[in-house]
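Reading through the structure tokens given below for one structure.
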Amino acid sequence: MDKIVSLSRRRGFVFPSSEIYGGLGSTFDYGHYGVLMKNNIRARWFEAMVQDRDDIVAIDSAIILHPRVWEASGHVGGFTDPLVDCRTCKLRFRADKLEDSSCGRKPSKRPGETPDCDLTEPRQFNLMFETTVGALQEEGSRAFLRPETAQGIFINFKNVLQIARRKPPFGIAQVGKSFRNEITPGNFLFRVREFEQMEMEYFVPPAEAEEWYRYWIEERLNWYLQYGLRGSRLRVREHGPEERSHYSQGTSDIEYLYPIGWSELEGVANRGDFDLTQHSEYSATKLEYVGPDGERYVPYVIEPAVSIERIMVALLVDAYDEEIVAERERTVLRLHPKMAPVIAAVLPLIGKSDNMVGKARSLYEELRRRHSVEYDDSGAIGRRYRRQDEIGTPWAFTIDEQTLADDTVTVRDRDSLAQERLPIGGVRAWLEQALERDWRTPKQD
Ligand code: GAP
């Protein structure tokens, strides 16, 4: 994980936030490549969930919702973690995760393990961030930053049913920021207090819930394989009844083998009719499906839920590679081309050659209208290749002496390092075809 954090920072993917003020623990800002990569993750998810299907529509609900939403959902009463304070080192720990925590004075020990540790009794700590709406902090102005995007979908169920004229099975997808005042954030982007969730609520006839639950586990697992995560690093783990959330009739985690061990990448839950029933009761608005022949029922909900942050860490970890090439160490991100922040680099072999620069710039201008491409003419060509390898650029087009003679360029493949020659006029079509090819990581399991 240290190597990923250091590369992310060095190459401008992710910076610690508020650094000039000393930082704010486990909060991050995204640089240019981080933004491009997040855009790709979001776009690929949206394609798979909405664009490529005709049974799922999109929504973008508010972050601050009516406070009653969070009473109905169970978050005000139950979205808590048990917390203990240490009176000696003044640190806070999750009482149920002491095994994974380090003592503030002796990091090699767990809290409670040394005679100095003086832990309080566990108390429940609500993870929602509170705020006030309006100018005055008075009774009735208390509100919350949403801890999940899902509730913004449930409260719009009726709108979508009527206006988008949908009938179960159908889904509503949402991408947006969620906030949780995690007691122990950490492991880079894995557990942060502000993250971008991608959730889809799929409303189904109750009798079909189990079938759709299994379907979505499979769909989501295949999505990760399609975008290059190694099968050996992915597994599905079904929760036992004691582990499930209050709303869940069945939950499976798609886990990835992160450097911290097998951990939840995405959750797929069968939420039953819990949410629509609760919101019907609390809002006095019936949230149900009524068919043309009068049949009525409260649909069950199947929910795949993930954050862009967890996907980003998994993609970076899976892609990171070091190898020796021509007696020099090369660091390379073997990212799926549709996830890589930059798809291709255009490089004049000699940055001081006006002719090469002219040709390279005009190719760059042609490609950049459609794709995320970069132009670079500074420094030795080897150094420029290495820089592109580190940000995961799958292909580099190089303009050299021969280009000036016959209008061909070389294309260098990031993974195999193979080079082939192409007519300069065919580069755009070549790139578009290359993007559509199946991609598998050359990394061994
Ligand atoms: N609506 C259901 C829900 O929010 P969850 O298991 O609490 O369920 C779903 O969260 C997904 O959101 C997780 O699988 C993970 O990908 C992501 N997630 C949750 N908390 C996170 C955090 N503190 N930092 C980054 N991602 C987080």
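Relative to the longest principal Cα axis of the chain, at what angle does helix 427-436 sit, 0 to 90 degrees, rounded to 10?
40
At 1.4 Å probe size, put Ile20, Ile424 in order of accessible surface, largest to smallest.
Greatest to least solvent exposure: Ile20, Ile424.
What nm value, rounded to one decimal, do you get for the distance between Arg330 and Glu432 when each label is placed 7 Å out toward the C-beta?
2.9
Which value, in Å² and to the nearest 10, is the accessible area of Lys338 when all protein chains are kept and the probe is 1.4 Å?
Taking all protein chains as shown, Lys338 has close to 50 Å².
What list of whole percents do you get for P(r) of segment 220-373, with Cα-Cα distances grouped in 5 Å bins up to the one holding the largest distance?
Histogramming segment 220-373 at 5 Å steps yields 2, 7, 11, 12, 11, 11, 10, 9, 8, 6, 4, 3, 3, 2, 1, 0 percent.
How would you rank 303-315, 177-189, 236-248, highest first, on the average number of other Cβ atoms within 10 Å across their residues?
303-315, 177-189, 236-248
Return the inverse of the average 1/r over all pairs of distinct C-alpha atoms in the chain, which is the Kirkwood hydrodynamic radius, in Å to one decimal.
So the Kirkwood estimate lands at 24.7 Å.
Ranked highest first by average number of other Cβ atoms within 10 Å, how do 65-76, 377-388 line up?
Listed from highest to lowest mean packing, they are 65-76, 377-388.
Computing the accessible area with a 1.4 Å probe over protein heavy atoms, can you report the carbon and sulfur percentage for segment 310-372?
43
Longer than 19 Å from Cα to Cα, which of Lys38/Lys177; Lys3/Lys106; Lys90/Lys177; Lys158/Lys286; Lys167/Lys286 are they? Say none if no pair is.
Lys3/Lys106; Lys90/Lys177, as the Cα separations exceed 19 Å there.
How much accessible area per residue does the chain have, counting only protein heavy atoms and a probe of 1.4 Å, in square angstrom?
Computed with neighbouring chains in place, this is 47 Å² per residue.
Determine the distance separating the Cα centre of segment 192-223 from the Cα centre of segment 417-445; give it in Å without decimals.
33
Once you order the gyration tensor axes a ≥ b ≥ c over the Cα atoms, which shape class does segment 301-366 get: rounded for a/c under 1.5, otherwise prolate or oblate by comparing a/b with b/c?
Here segment 301-366 falls in the oblate category.
Please list Lys97, Lys90 in order of solvent-accessible area, largest first, computed with a 1.4 Å probe with all protein chains present.
Lys90, Lys97
Compute the Cα gyration tensor for segment 1-158, then decide on rounded, prolate or oblate, letting a ≥ b ≥ c be the square roots of its eigenvalues: rounded whenever a/c is under 1.5, prolate when a/b is larger than b/c in the other cases, and oblate in all that remain.
Oblate shape, in that a/c is at least 1.5 and b/c is the bigger or equal ratio.
Working out 0.36 nm times the residue gap between Glu420 and Lys167, then minus their Cα-Cα distance, what length gain in nm do you get to one decimal?
So the chain would gain 85.9 nm between Glu420 and Lys167.
Take the alpha carbon gyration tensor of segment 60-119, find the square roots of its eigenvalues, order them as a ≥ b ≥ c, and report rounded if a/c is under 1.5; if not, report prolate when a/b exceeds b/c, else oblate.
Prolate.
Considering every Cα-Cα pair within segment 339-445, what fraction, in whole percent, is farther apart than 18 Å?
So the portion of pairs separated by more than 18 Å is 44 percent.
The values are calculated or read from the model by the stated rules, or taken from the named source; none is laboratory data. All of these numbers come straight from a predicted model, not from anything done at the bench. FYI the Cβ positions are ideal-geometry reconstructions off the backbone, even for glycines, and counts take in every protein chain you see. The accessibility values were calculated without ligands, DNA or RNA, using every heavy atom of the protein model including side chains. Shrake-Rupley method; radii C 1.70, N 1.55, O 1.52, S 1.80 Å.
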